[in-house]
Amino acid sequence: MTEPKLPCVAELPSRSIFVLSFAGALVFLYLRTFLLPATPFVGIGDQILFFSRAARIVHGQILYRDFFELVTPGTELLYAVAFRVFGIHAWVMQAWSIVVGLSLCCVITQIASRILRGLLILLPALLFLVFDFSNALDLTHHWYSTLAALAAVNVLMDGVNLRRIFAASLLSSISILFTQTQGGLTFVALIIYLLWMKRSESQESNILTQLTTLVLPFTLILSCVLGYYIHKAGFRTILFDLVLFPLRFVSSGEVNSPRTYLHQFPLVHTPVDVVHLIPFLFIYALVPYIYLLGLHRLWRERNLMTPALRQHLVLLHLVGLALFLAVANGPRYFRLSTVAPPAILICTWLISQQSPAHRYVRNVLCLLAAVFALLLPVRRQSQWHATLDLPIGRTAFSDILVFREFQWVAQRTHPSEFFFNHSALCLYLSLSNPTASEFINYDDFTRPDQVVAITDALQHHQPHFIVLFPKNINVLDVHDNAEPFRRYVHDNYHLAQIFALKGSSRYEEELWELGPPNSNNLMR
């Protein structure tokens, strides 16, 4: 058997090149997350929910018992440890973006070194940074599950023996402690890989021993961690939060259902907007379609590859498909980005051939990635920005509308004051959420019993301000359970301010103040 010739020399890049690439990634991530010299940008997206719940853990509350969560506890526990060690500061949250980005780059490069050669080994991490991670800087549980899954792949690529299977079991259990679906399907992919490897003559032990080594540590870790929360919150609570609720209600709305696919493309009005479109096209083109092309080439060239390369690629395909299946029920752009690293690796392997067409694609991707690597940090640092001294530290803003909202609320609240329905304001202004929920939705995601519990908590500990999102009259959702909450707010609060904000589309946030109105001056 002969391995297809790759376009670069066989040797690994020198250590100095690896060091320079790591330093470049560090600078890139720092300039994307911190305003020079050392002011963190405000965090955005769902990551704020996890940091908010971590702050509640630091303040003595128990996950699942004192507040609701629908995924396994790894993300909140990790952030709670960071807050205990460093304090609840704005810079801690953005520092995690750098740590996770560099960790993913390292493990991606390690895997690339087993399926690629020469300087091409560095390309997957570069593509990941500029077209994937940089456009999805929202550190939710998905990123950590993907990181642990890739680490398990990297371990097993060194060989299938009991020690490495044990390590892969530990890593897959870590993955499931962040996201039950991604970690669970990764574990299934590892089982399939071991069964596929059973026919290899290089096996050091029988398949039953291998599967036992894979299953026992995985089961023990899950039993210990989830057993603690079952003891604290009760079995029925854990079963509902982690199993029944995700199965029944997560896909009830538009955002978390298959209908969301391809709905996140940015609007194109100017030539500059076309540039913003490139990362979206890159991710949507790769996930999951690149796996079909990769499996086809694997089958076609199965007799031309070395056994080691074929095993590495089969493992990477299995885990990549498992990660995709974990988010296939709600394939938003962000979720596809979090499971894209295996697809990026396979894409680079596919274009590593020496034909003129593959060489042209490689050159175009390298050129685009280099341009993005230079322009993205410069744009981040040079765009409009303002800073606020908030209770958890000085914070930079690049959106003037968000800045005005934070400034307005900061001037009218004080730390530890009750506040509800806006986790970012709660976290950055050190406000207290008196309910067991971080927010309330106008669809079946927020259950009727949760609405009752929220309203009851608000009656006992009345916040001075509550955020409301105007109901979309064009969307008739028969599963909207939030009407009692809205009625309570309208009966006890008055509209104090309206903020027009920009996201994927323009929307408004209403600030309602406790008591009767004393002014009709509203700023839009």
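The values are calculated or read from the model by the stated rules, or taken from the named source; none is laboratory data. Here the structure is a predicted model, which is why all the values come from computation and not from measurement. Every residue, glycine among them, receives a Cβ derived from its backbone with ideal geometry; neighbour counts consider all protein chains shown.
Test of understanding: among Cys347, Cys366, which residue is more than 30 Å from Thr413 (Cα to Cα), crowded, with 20+ Cβ neighbours inside 10 Å and either at pLDDT 95 or above or not small (Gly, Ala, Ser) (or both)? Only one candidate qualifies: Cys347.
The residues in the range 50-94 that are in contact with a helix residue (DSSP H, G or I) (Cβ under 8 Å, 6 or more places away or on another chain) and part of a helix (DSSP H, G or I) can be counted, and the count is 23. Test of understanding: among Phe439, Phe445, which residue is part of a loop (DSSP other than H, G, I, E, B) and touching a Gly at 6+ places or on another chain (Cβ under 6 Å)? Of Phe439, Phe445, the one residue that is part of a loop (DSSP other than H, G, I, E, B) and touching a Gly at 6+ places or on another chain (Cβ under 6 Å) is Phe445. Being assigned by TED's automatic domain parsing to the domain that holds Gln110, over 14 Å from the mean Cα position of the chain (by Cα), not hydrophobic (A, V, I, L, M, F, W, C) and not in a helix (DSSP H, G or I) is the requirement here; does Arg164 meet it? Criteria not met by Arg164.
Of the residues Ser103, Ser14, the single one that is polar (S, T, N, Q) and under 15 Å from the mean Cα position of the chain (by Cα) is Ser103.
Taking the range 20-49 as the range and being surrounded by 18 or more Cβ atoms within 10 Å (Cβ to Cβ) and either touching a Pro at 6+ places or on another chain (Cβ under 9 Å) or assigned to a helix (DSSP H, G or I) (or both) as the test, the residues that pass are Ser21, Ala25, Phe28, Leu29, Arg32, Thr33, Phe34, Gln47, Ile48, Leu49. Annotation: Phe282 fulfils all but one of (1) within 30 Å of Phe445 (Cα to Cα); (2) crowded, with 17+ Cβ neighbours inside 10 Å; (3) among the aromatic types (Phe, Trp, Tyr); the unmet one is (1).
To keep it simple, each residue is scored yes or no on (1) farther than 18 Å from Trp143 by Cα; (2) crowded, with 23+ Cβ neighbours inside 10 Å; (3) touching an Asp or Glu at 6+ places or on another chain (Cβ under 6 Å); (4) not assigned by TED's automatic domain parsing to the domain that holds Thr146.
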| position | (1), (2), (3), (4) |
| --- | --- |
| Phe245 | yes, no, no, no |
| Leu262 | yes, no, no, no |
| Leu277 | yes, no, no, no |
| Arg302 | yes, no, no, no |
| Thr306 | yes, no, yes, no |
| Val314 | yes, no, no, no |
| Leu323 | no, yes, no, no |
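Among residues of the range 354-372 that are farther than 19 Å from Phe131 by Cα and not assigned by TED's automatic domain parsing to the domain that holds Leu122, none has a beta-carbon under 8 Å from a residue that is surrounded by fewer than 16 Cβ atoms within 10 Å (Cβ to Cβ) and at pLDDT 95 or above at least six positions away or on a different chain.
Condition (residue is over 27 Å from the mean Cα position of the chain (by Cα), part of a helix (DSSP H, G or I) and modelled with pLDDT of 85 or more) applied to the range 461-484: is it met by at least one residue? Yes: one or more hits.
Checked across the range 353-369, the condition of being more than 22 Å from Thr109 (Cβ to Cβ) and among the aliphatic types (A, V, I, L, M) holds for at least one residue. Inspect all residues belonging to the range 193-205 and state whether any of them is acidic (Asp, Glu) and surrounded by fewer than 18 Cβ atoms within 10 Å (Cβ to Cβ). Yes, because at least one residue in the range 193-205 is acidic (Asp, Glu) and surrounded by fewer than 18 Cβ atoms within 10 Å (Cβ to Cβ).
Scanning the range 244-282 for residues that are part of a loop (DSSP other than H, G, I, E, B), at pLDDT 80 or above and of a type in the set (S, T, N, Q) yields one hit, Gln264. Is it the case, given these coordinates, that Arg380 is outside any strand (DSSP E or B), touching a residue at least 12 places away in the same chain (Cβ under 8 Å) and more than 23 Å from the chain's Cα centre (by Cα)? It is false that Arg380 is outside any strand (DSSP E or B), touching a residue at least 12 places away in the same chain (Cβ under 8 Å) and more than 23 Å from the chain's Cα centre (by Cα).
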